[in-house]
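The values are calculated or read from the model by the stated rules, or taken from the named source; none is laboratory data. Only a predicted model underlies this, so the values are computations on that prediction, with no experimental measurement involved. Counting neighbours? That spans all protein chains shown, and the Cβs are built from the backbone with ideal geometry, glycine included. The area values use the complete protein model at the heavy-atom level, side chains included, leaving out ligands, DNA and RNA. Shrake-Rupley method; radii C 1.70, N 1.55, O 1.52, S 1.80 Å.
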Amino acid sequence: MIRKIGVLTSGGDSPGMNAAIRAVTRTALANGIGVVGIHDGYKGLIEGNYEEFTKSSVSDILSRGGTILGSARLPEFKNDDVQLQAVETLKKNSIDALVVIGGDGSYRGAAALTARGINCIGLPGTIDNDIQGTDYTIGFDTALNTIVECVDKLRDTSSSHHRCSVVEVMGNRCGDLAIYSGLSCGAEILITPETGYDEEAVLEKLRYLESSKKRHAIVIVSEKVTDVNALADKISKSTGFAARATILGHIQRGGCPSPSDRVLASRMGAKAVELLIEGIGGQCIGIKNNEITYMPIEECVTMPRESRKQFYRLFDRLV
Ligand code: ADP
Ligand code: F6P
């Protein structure tokens, strides 16, 4: 039987993490289980940076972006001694189980703690949508909305000036933010880890678009694939378009979570606590075909990425 659970957010923050913290807290309290908010991810976990939560600790956070608990990265958490220190600090504070909201790195930490006797449940909190075993991660929808709003604005000015906008979006080597925003905004060209980067093919396509009297072009590029400023320079020099690069950056991680992310985070947070009450640990929560699901973390972090071929084919057909 569990009496007290901890909740922490780890890795890059994402809109909807607060909604998840709220759902975890309120579900646990409603079941007579105490809740401790752990500040700054695994760093706060080993340092004992803990706060006893009441129902009102999570009031007015559902609509707020970021995470009230703070997030951090602690590479040393891979080390045995640091994990043992975490277990000791949790036991000293009578915390029996943990909900970890973060990406796959955070999941690996949660699996390690479970193996050391502290049941953990992972919730997929990242804008990148790069976690397997779930159709969507908490924060993806909000980030996508932010990108679409920005690209729609860029299209207005690009069109007025007969320009090409080269827009870099986040994704951490996953092209989901790029392909979903490309489809949503009607981009002309996509460059993602999945498409690869063929510079000459991109320039050739833009020359063709320019010669067919297109007034503007949007090129969406996933981060870490190529330098968007250098690409914009090449486009300006060797196609009829004047190009401008925009790196959307951390603006994609902020802002009020969308209603979809709030609902997703609330459903996932409640499920995490239900599993812990049943004595289940080492699992991560997902959503598949609108059903809340769960699977072993170890399986999730080793699964191959789901193919997005159909999305890319659709993009090619509609462009
Ligand atoms: P994300 O959770 O968003 O993928 P990171 O990859 O930065 O972000 O991981 C967040 C934190 O999770 C790391 O700073 C580290 O504390 C912990 N972590 C990452 N990988 C491991 C691992 N293999 N074992 C234990 N802890 C890990
Ligand atoms: O994982 C979320 C994410 O925003 C990635 O899209 C990006 O690559 C990375 O985090 C940026 O990390 P940082 O906040 O450390 O710059």
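Before moving on, here are some points about what is shown:
- For segment 39-87, the spread of Cα positions along each principal axis, largest first, Å: 38, 21, 10
- FRET E, pair Tyr197, Ser236, Förster distance 22 Å, beta-carbon r, rounded to 0.05: 0.75
- Surface share of carbon and sulfur [accessible, 1.4 angstrom probe, percent] for segment 1-88: 46 percent
- Value of Rg to Rh for the chain (Rh from inverse mean 1/r over Cα pairs, i.e. Kirkwood): 1.05
- Phi angles of segment 255-269 translate, via the Karplus equation with coefficients 6.51, -1.76, 1.60 and θ = phi - 60°, into HN-Hα couplings of x, 5, x, 5, x, 4, 5, 5, 5, 4, 5, 5, 5, 5, x Hz per residue; Gly and Pro are given as x.
- Rolling a 1.4 Å probe over the heavy atoms of the protein chains gives the chain an accessible area of 44 Å² per residue.
- Length gained on full extension, Asp152 to Arg116, computed as 0.36 nm times the residue gap minus the Cα-Cα distance: 8.1 nm.
- Carbon plus sulfur fraction of accessible area for segment 194-279, probe 1.4 Å, in percent: 53 percent
- For the listed peptides 267-274, 213-220, 308-315, 118-125, a ranking on the average number of other beta carbons within 10 Å per residue, highest first, reads 118-125, 267-274, 213-220, 308-315.
- Rounded to the nearest whole angstrom, the semi-axes of the ellipsoid equivalent to segment 203-319, taken from the Cα gyration tensor as √(5λ), stand at 42, 16, 15, largest first.
- Value of [θ]222 nm, deg cm²/dmol, for the chain, DSSP H segments ≥ 4, -39500 (n - 2.57) each, nearest 500: -13000 deg cm²/dmol
- Our analysis of segment 95-219 gives Rg over Rh at 1.16, with the two radii drawn from alpha carbon positions and Rh computed by the Kirkwood formula.
- Nonpolar atom fraction for segment 89-193, defined as the carbon and sulfur part of the 1.4 Å probe accessible area, stands at 44 percent.
- Quotient of Cα Rg and 2.2 N^0.38 Å for segment 1-95, N being how many residues it contains: 1.07
- Mean separation of Cα contacts under 8 Å (6+ apart) over length of the chain, as relative contact order %: 23 percent
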